[in-house]
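Structure first, commentary second.
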Amino acid sequence: MAPTKPFRQIRAACRPAKTNHTTESPASGSDDNDDLITIYQAYNAAIATAACAAQRLDASPLFKLTRMTWIKPSWCWMMYRAGYSYKDANQARILALRMRKGDLWTLLRMAELTTHAPRSPPGTSAPSADKPKSEKVKVQWDPERDARLEKLDYRSIQIGIPAGVAARWISEWIVDITDVTDTARELKQVLDGEPGIMDEELAERGLYPVEEEIVVPDDLRVILRMDSS
């Protein structure tokens with residue numbers, strides 16, 4: 001019998017799937033990819049265009065630091081959330097943002113869980129417990145999706161970055177920014193036109209990034225309640 005996947009896990013790719021060649025960042029060919037994790041978020045056209053050009057997420061004045069920003073390392077969950085970029089104008093452009101693993105761990109050590117998890121055992125409260133609301137990173141575990149947006153049997157992490165942390169995340173922790181909207185739309189087109197296509201072929205065409213389970217430090221596994229059922 002094949003081993004079952006952990007109920008909660010963080011899967012990510014070091015590089016995004018096929019990218020828009022006109023917006024691929026200079027750092028995307030870096031030789032330290034093993035230390036990098038790709039995360040995703042969708043924005044409107046003005047924010048995304050400015051962010052890619054300046055390689056800084058808040059380059060557009062339309063980007064508001066006062067809002068909670070939700071990021072996710074799952075390409076398919078991003079497709080689900082943004083409807084392959086067709087859901088609405090504010091999610092019409094999908095950006096791949098790369099972070100170093102150590103910075104992601106720092107971010108997650110500020111986290112508290114919102115839903116889909118039991119109470120923490122006594123004496124294991126997150127370090128964020130005494131932080132003001134503006135500095136509490138939010139984490140929730142939602143059912144993972146496949147390329148066709150169907151639910152899978154394990155949960156994927158979603159990370160909410162509050163206003164009090166977003167400025168540091170933007171200025172210090174984002175390594176590069178790449179527009180992957182065309183990839184999302186091509187994926188949707190291929191799935192509609194070739195309903196029997198396998199995930200392996202999607203990956204070969206650059207439409208489905210290879211996301212591997214990330215080894216998470218033990219203290220974070222407790223904070224994130226990754227071993228709870």
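Please treat every number below as a calculation from the coordinates, not as lab data. Note that this is a predicted model, so its numbers are computed, not measured. Backbone-built Cβ (ideal geometry, glycine too); neighbour counts: all protein chains shown.
Could you list ASP142, ASP219, ASP153 in order of exposure, starting from the residue whose Cβ has the fewest other Cβ atoms within 10 Å?
Details: ASP142 17, ASP219 14, ASP153 9.
The order, fewest Cβ neighbours first, is ASP153, ASP219, ASP142.
Please compare each pair in LYS72/LYS151; LYS64/LYS136; LYS64/LYS188; LYS18/LYS87; LYS18/LYS72; LYS18/LYS138 to a cut-off of 23 Å on the Cα-Cα distance and tell me which ones are over it.
Going by Cα-Cα distance, LYS64/LYS188; LYS18/LYS138 fall outside the 23 Å limit.
Within a 10 angstrom radius of the beta carbon, how do MET110, MET198 rank from fewest other beta carbons to most?
Placing the least packed residue first, the sequence is MET198, MET110.
Given Cβ point charges of +1 (Lys, Arg) and -1 (Asp, Glu) and nothing else, what value in debye, to the nearest 20, does the dipole of the stretch 156-215 about its Cα centre take?
420
Which of the GluC sites (Glu not before Pro) found in the stretch 135-188 are in a DSSP loop and have at most 15 neighbouring Cβ atoms, other than their own, within 10 Å?
Values: sites: GLU135, GLU144, GLU150, GLU172, GLU186; in loops: GLU150.
Filter output for the stretch 135-188: GLU150.
What residues have an amide H closer than 5 Å to that of TRP70, excluding those fewer than 5 places away on the same chain, when H is modeled at 1.01 Å from N in the peptide plane?
Under 5 Å from the amide H of TRP70 lie the amide H atoms of ILE161, each far enough along the sequence or on another chain.
Through the Karplus equation 6.51 cos²θ - 1.76 cosθ + 1.60, θ set to phi - 60°, convert the phi angles of the stretch 209-223 into ³J(HN,Hα) values in whole Hz; use x for Gly and Pro.
Karplus values, whole Hz, x for Gly and Pro: x, 7, 9, 10, 5, 8, 6, 9, x, 4, 5, 6, 4, 6, 4.
Please give the peptides 55-61, 72-78, 89-95 ranked by average Cβ packing (other Cβ atoms within 10 Å per residue), highest first, as a rough proxy for protection. Can you show the working numbers first?
Working: 55-61: 16.9, 72-78: 23.4, 89-95: 19.0.
Highest to lowest by the protection proxy: 72-78, 89-95, 55-61.
Taking θ = phi - 60°, what integer Hz values does the Karplus form 6.51 cos²θ - 1.76 cosθ + 1.60 yield along the stretch 43-57, in sequence order, with x for Gly and Pro?
For the stretch 43-57, the Karplus-derived couplings read 9, 6, 4, 5, 5, 5, 4, 5, 5, 5, 5, 8, 6, 8, 5 Hz, x marking Gly and Pro.
What is the set of long-range amide H partners of LYS136 at a cut-off below 5 Å, with H atoms built 1.01 Å from backbone N?
Close amide H contacts, sequence-distant or interchain: none at all.
If each residue's Cβ is checked for other Cβ atoms within 10 Å, how do THR69, THR38 rank with the fewest at the top?
Exposure proxy ranking, most exposed first: THR69, THR38.
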